[in-house]
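Following: one structure in structure tokens, then a few remarks.
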Amino acid sequence: MKWGVVSFPGSLDDRDALWALRDVLGQDAALLWHKDESLGGAECVVLPGGFSYGDYLRCGAIARFSPIMKSVARFAADGGLVLGICNGFQILCEAHLLPGALTRNRSLAFVCDFVNLRVENAATPFTRAAHQGETLRLPIKHGEGCYVAPEDELRQLEERGQILLRYVDARGEATDAANPNGSMRSIAGVANDRFNVFGLMPHPEHAVEAMLGGVAGRKIFESIAGAAR
Amino acid sequence: MSEAPAATPGEPKVDLAAARAHGLTEAEFAEIARILGRTPTFTELGVFSVMWSEHCSYKSSRKYLKTLPREGPNVVGGPGENAGAIDVGDGWVAVFKIESHNHPSYVEPYQGAATGVGGILRDIFTMGARPIASMDSLKFGAIDHPRTRYLVNGVVGGIGGYGNCVGVPTVAGEVMFDPGYNGNILVNAFALGLARREDLQSARAHGVGNPVLYVGSATGRDGIHGASLLASAEFDSESEAKRPTVQVGDPFTEKLLIEACLEAIKTGAIVAIQDMGAAGLTSSSSEMAGRGGLGVELDLDRVPLREPNLSPYEILLSESQERMLIVAEHGREAELAAVFEKWDLHAVVIGAITGDGRWRARFRGKVVADIPIAALSDDAPLYDRPTQPPKRSLHEARPHAVVVRPEPADALRALLSSPNVASRRMVFRQYDSLVLSNTVAGPGGDAAVLRIKGSRRGLALKVDSNPRACALDPYLGAITTVCEAARNVACTGARPAAITNCLNYGNPERPEIMWQFARGVAGLGDAARAFATPVISGNVSFYNETEGRAIPPTPTIAMVGVFADVSLNVKHYFSFPGDLILLVRTAPPSLAASEYADLFKISFGALGPIDLVRERRLLDGLVECAERRLIRSAHDVSEGGLAVALAEACFNPDQALGAEIEPVATDAAAEAWFGEGASTVIVSAPAENLKAIHDIFAPLEVRPIGRVSAAPRLKLGGWCDEDVAALRRLYEEALSGRLGRHD
């Protein structure tokens, strides 16, 4: 399957996503430049982690106006698969391709750590390689990952199964102590109502090699690769 | 000789008083007039003052630095470049350096620390290497000092704010709290990059007529005299007023600059490239041309400015961040400019390399500075300052008699939650340690471990210092520091390969400080020679004093080690119940300069002798054990001694394990359980490997002291039987409890 990873100025994990997809998982992946409008025939577009445009305004607020984001929006409207990781998730929210917003962590500090995530809906193109209720161990690294949305929106997300990942403890419980950033309802990742756009704060691209923090992240990429076939 | 330089309208008068205000001595001012054959212009005075500052000229330290071992079969590139480099195999070279940003970080902690990270990264990618790792050595005052919490939050925030945004992982470091730093904290920033050997860049200009390109951020008024007035003078009550001399960092621009510079280097159109760091445009232009034995002429009207009406003095001395100077091949300027344009960065030709050996700057059509280039570098003053051993040891004022020695179980709990032993998690959790996908072992272990993509090879890195030992004996203390850094690296299984150092001391004009420095460099040199780990780069930070009180002598040592096969890296924690726990050491432990002695206010005593041959044996043995897969963990015994090291080795992140340790047959129980000093390592291994391990380390003492247990309890010689999870909570939460950060 063909993947396109967008490089915005200030993107950081674009190279990591490319490495994970191309060099570790053997996928056909390439970087896409933010000033271009072409998606290079990608079947899945990845918006990577980092600090696009320095994130000196709200995270992702400037990146959403990049030329390539017009194409990404069109691509998503046509049902194309879009995966936003960390800063990519923030950009998708700013671009209104996903509901809600990401705000400063409850601790007001950047946090880099491994966390446990429970798969809340395994019947999506992004999670189908996992089991419902399975716990995935992935790293997070962000300063603004506190997911917020209006109460009725949250209710809708629950009802439609758009919440794909939640922060949980070692026993799989979504406790307050296991919530690393204060996200409402411990939300770590959400999909749009058509289930072709997915944003998550954890970094699956940093968990694809046993020597470097485990292989739980493969489940996300393998789900997507399987979905396209 | 060309036209005499003109004074710029409105500039202050140049006289001895002006020179003194610039930190120059009367003799130095007279020497400038002699070199020029006239009184300098105000602009020239500013240029001389920064280039002859201690920070830029190393005028007090050069004599000693020359004695350090700089050569080795793995060392790549000549001296005088922006950073040192070693060959790590498979065509890769590792470029690394550590630098201080102490004074800026005390005056303005967030920006001071942030720009310290930014500056050291530029020293790395200017060599053509992609930065892949950062580390920091931080020294704060006493944890309950009223300013400490503010400084910790600012410094840690600045390191994270810059490092996280620029996309270079912070993989290791050290944090220490000691009242000796109440008035002068230390922020030493390390960066390491990887390059293909053929891509290494030079900072040596050649080719008369080659254009000089200015790239990166525009120039503003920030950081003027950061090098001369801030870094090269003591602190006093006026230091707060120097806050405007601290630069402001922009990590986003730095990230663009990294990508643009590495892409520009690939064009092959770059002759030489250097960061505009301390003394900005002045040092970068004069050093690149000077190294090539050439001259340079700059047209200051072409320099991109952040605000109008900067004087030539300000343009030349600005330390605005995220700027680089490039000498390009004539005729290929446009090719380079296109790369920087792609990344939305300035790239402007502002001058050219000349053949007349002069450093010349023009402003509004007039020459405003015209100086023989050698006067700014090679011919800068060199001092052989007097040295004098102190009459009293730095620690003589400490209480000598033990009032009450604590019960060992209480001592262990107190040590695990002491600010200098407890987990640094609340600090390093604020740093991205994973970006770039090379981090095999991040912060929290003995040393960070990185893999090299597309190769079996890997690197281990650690930064260490031991100011308490250095205060007792600056020579043995420096050796102790090198031993510890090397041991931390060797515990992971990597072979220690090379050193970069940051030498932090007080005012070198005081003979006792100069003596500390001389002894420190001697110790560093002796240890580096014994371990065949050349000192390939470094930095000296003098004038770490406030109101006449110097910091403890603090040579900070960063050691880089190389793995032939990184998959053989060894963890610092136990993993297999039933494994034997072995103590390997070069000499008996001692409480001298230990955390125990500090915490319980007993005499610091004296450091014992160090046998560098035995130390080397320990390092080589650790590497061999790892390469032959004989051991399953190795952990250095440092602050807190054996008992603390055993507890740390039980803190396996994936499973709850414990340890059962036999009683020690000695009447010096505190020394045995909490002593530091000598080099000691605890390793765990299957029992059947004991003989082989014994043979490898001979003639060192290798003693089985207990076993790893499936039950998660730490049992130490009958006096300690504690739940590992409870000890771990103590250890993990102590620092955030003291500094008031919860998440």
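The values are calculated or read from the model by the stated rules, or taken from the named source; none is laboratory data. Here the structure is a predicted model, which is why all the values come from computation and not from measurement. Virtual Cβ from ideal backbone geometry, glycine too; neighbours counted across all protein chains shown.
Is at least one residue of region B:489-506 buried (at least 24 other Cβ atoms within 10 Å of the Cβ), within 18 Å of B:Glu627 (Cβ to Cβ) and of a type in the set (Ser, Thr, Tyr)? Among the residues of region B:489-506, at least one is buried (at least 24 other Cβ atoms within 10 Å of the Cβ), within 18 Å of B:Glu627 (Cβ to Cβ) and of a type in the set (Ser, Thr, Tyr), which makes the answer yes.
This table checks each residue for (1) under 28 Å from B:Ser590 (Cβ atoms); (2) touching a helix residue (DSSP H, G or I) at 6+ places or on another chain (Cβ under 7 Å); (3) in a loop (DSSP other than H, G, I, E, B).
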| position | (1), (2), (3) |
| --- | --- |
| B:Tyr431 | no, yes, yes |
| B:Asp446 | yes, yes, yes |
| B:Ala460 | yes, yes, no |
| B:Ala478 | yes, yes, no |
| B:Ala498 | no, no, no |
| B:Cys502 | yes, no, no |
| B:Gly506 | yes, yes, yes |
| B:Glu512 | yes, no, no |
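One residue is enough: does region B:682-691 have a residue meeting the conditions within 14 Å of B:Gly621 (Cβ to Cβ), buried (at least 19 other Cβ atoms within 10 Å of the Cβ) and touching a Gly at 6+ places or on another chain (Cβ under 9 Å)? Among the residues of region B:682-691, not one is within 14 Å of B:Gly621 (Cβ to Cβ), buried (at least 19 other Cβ atoms within 10 Å of the Cβ) and touching a Gly at 6+ places or on another chain (Cβ under 9 Å), which makes the answer no. Residues in region B:438-451 that are more than 8 Å from chain A (Cβ to nearest Cβ) and of a type in the set (Ser, Thr, Tyr): there are none. In region A:51-62, is there at least one residue being closer than 18 Å to A:Met184 by Cβ, assigned to a loop (DSSP other than H, G, I, E, B) and in contact with a strand residue (DSSP E or B) (Cβ under 6 Å, 6 or more places away or on another chain)? Scanning region A:51-62, I find no residue that is closer than 18 Å to A:Met184 by Cβ, assigned to a loop (DSSP other than H, G, I, E, B) and in contact with a strand residue (DSSP E or B) (Cβ under 6 Å, 6 or more places away or on another chain), so the answer is no. Suppose we keep only residues that are part of a loop (DSSP other than H, G, I, E, B) and crowded, with 16+ Cβ neighbours inside 10 Å within region B:720-743. Which one would you say is nearest to the chain's Cα centre (by Cα)? Ranking the qualifying residues of region B:720-743, first place goes to B:Arg741.
In region A:45-68, of all residues being touching a Phe, Trp or Tyr at 6+ places or on another chain (Cβ under 7 Å) and away from chain B (no Cβ under 11 Å), the one that is farthest from B:Glu322 (Cα to Cα) corresponds to A:Val45.
Which one of these does B:Ser49 not meet: (1) surrounded by fewer than 16 Cβ atoms within 10 Å (Cβ to Cβ); (2) within 21 Å of B:Ser283 (Cα to Cα)? Among (1) surrounded by fewer than 16 Cβ atoms within 10 Å (Cβ to Cβ); (2) within 21 Å of B:Ser283 (Cα to Cα), the lone unmet condition for B:Ser49 is (1). Within region B:245-277, being small (Gly, Ala, Ser) and either surrounded by fewer than 24 Cβ atoms within 10 Å (Cβ to Cβ) or within 14 Å of chain A (Cβ to nearest Cβ) (or both) holds for B:Gly249, B:Ala260, B:Gly268, B:Ala269.
The set of residues from region B:418-437 being in contact with a Phe, Trp or Tyr (Cβ under 7 Å, 6 or more places away or on another chain) and more than 9 Å from chain A (Cβ to nearest Cβ) comprises B:Pro419, B:Asn420, B:Ala422, B:Ser423. If B:Pro9 passes every condition in (1) surrounded by fewer than 23 Cβ atoms within 10 Å (Cβ to Cβ); (2) of a type outside the set (Asp, Glu); (3) at pLDDT 95 or above but one, which one does it miss? Only one criterion is unmet by B:Pro9, namely (3). Look at (1) in contact with a helix residue (DSSP H, G or I) (Cβ under 6 Å, 6 or more places away or on another chain); (2) under 30 Å from B:Arg147 (Cβ atoms) and you find that B:Trp719 fails only one, number (2). B:Gly173 meets the stated requirement of being within 14 Å of chain A (Cβ to nearest Cβ), modelled with pLDDT of 95 or more, outside any helix (DSSP H, G or I) and closer than 30 Å to A:Glu144 by Cβ. List the pairs whose first member sits in region A:144-173 and is in contact (Cβ under 8 Å) with a residue 60 or more places away in the chain, whose second member is in a strand (DSSP E or B), and whose Cβ atoms are under 8 Å apart, counting only residues at least 6 apart or on separate chains? Every condition considered, the pairs that remain are A:Glu144/A:Leu102; A:Glu144/A:Thr103; A:Gln162/A:Val190; A:Gln162/A:Ala191.
Pick from region A:139-162 the residues that are more than 14 Å from chain B (Cβ to nearest Cβ) and assigned to a strand (DSSP E or B): which of them is farthest from A:Ile224 (Cα to Cα)? Selected residue: A:Val148.
The numbered conditions (1) surrounded by fewer than 24 Cβ atoms within 10 Å (Cβ to Cβ); (2) at pLDDT below 95 are all true for A:Gly60 except (1). Going residue by residue through region B:452-463, is there one that turns out to be within 21 Å of B:Gly173 (Cα to Cα), among the β-branched types (Val, Ile, Thr) and more than 14 Å from chain A (Cβ to nearest Cβ)? Yes. Could you go through region A:106-124 and let me know if any residue there is surrounded by 18 or more Cβ atoms within 10 Å (Cβ to Cβ) and under 15 Å from A:Cys59 (Cβ atoms). For region A:106-124, residues surrounded by 18 or more Cβ atoms within 10 Å (Cβ to Cβ) and under 15 Å from A:Cys59 (Cβ atoms): present. I'd like the full set of residues that are crowded, with 24+ Cβ neighbours inside 10 Å, in contact with an Asp or Glu (Cβ under 6 Å, 6 or more places away or on another chain) and more than 11 Å from every other protein chain (Cβ to nearest Cβ), limited to region A:1-21. A:Val5, the sole residue that qualifies.
With surrounded by fewer than 19 Cβ atoms within 10 Å (Cβ to Cβ) and hydrophobic (A, V, I, L, M, F, W, C) as the only criterion, which of B:Ala361, B:Ala380, B:Ala334, B:Ala375 stands out? After ruling out the rest, the residue left standing is B:Ala334. Here B:Ala550 meets the list (1) away from every other protein chain (no Cβ under 14 Å); (2) among the aliphatic types (A, V, I, L, M); (3) surrounded by fewer than 19 Cβ atoms within 10 Å (Cβ to Cβ) almost entirely, failing just condition (3). Scanning region B:316-366 for residues that are touching a strand residue (DSSP E or B) at 6+ places or on another chain (Cβ under 8 Å) and among the charged types (D, E, K, R) returns B:Glu322, B:Arg323, B:Glu329, B:Glu333, B:Glu341, B:Asp356, B:Arg358, B:Arg360, B:Arg362. Checking each residue of region A:92-107 against the condition of being modelled with pLDDT under 95 and over 21 Å from B:Asp654 (Cβ atoms) gives at least one match.
Conditions tested, residue by residue: (1) closer than 23 Å to B:Pro443 by Cβ; (2) in a strand (DSSP E or B); (3) of a type in the set (Phe, Trp, Tyr); (4) within 12 Å of another protein chain (Cβ to nearest Cβ).
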site: A:Gly88; (1), (2), (3), (4): no, no, no, no
site: A:Leu92; (1), (2), (3), (4): no, no, no, no
site: A:Asn105; (1), (2), (3), (4): yes, no, no, yes
site: A:Cys112; (1), (2), (3), (4): yes, yes, no, yes
site: A:Asn116; (1), (2), (3), (4): yes, yes, no, no
site: A:Asn121; (1), (2), (3), (4): no, no, no, no
site: A:Thr124; (1), (2), (3), (4): no, no, no, no
site: A:His131; (1), (2), (3), (4): no, no, no, no
site: A:Arg137; (1), (2), (3), (4): yes, yes, no, yes
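The helices (runs of 4 or more DSSP H) falling completely within region B:569-682 that include 3 or more residues that are of a type in the set (D, E, K, R) and closer than 24 Å to B:Lys462 by Cα map to B:612-627. Looking for something within 23 Å of A:Leu108 (Cα to Cα), part of a helix (DSSP H, G or I), in contact with a Pro (Cβ under 7 Å, 6 or more places away or on another chain) and within 14 Å of chain A (Cβ to nearest Cβ) - is there at least one such residue anywhere in region B:119-139? No - not one qualifying residue is present in region B:119-139.
Within region A:22-44, the set of residues being within 12 Å of chain B (Cβ to nearest Cβ) and in a strand (DSSP E or B) comprises A:Leu31, A:Trp33.
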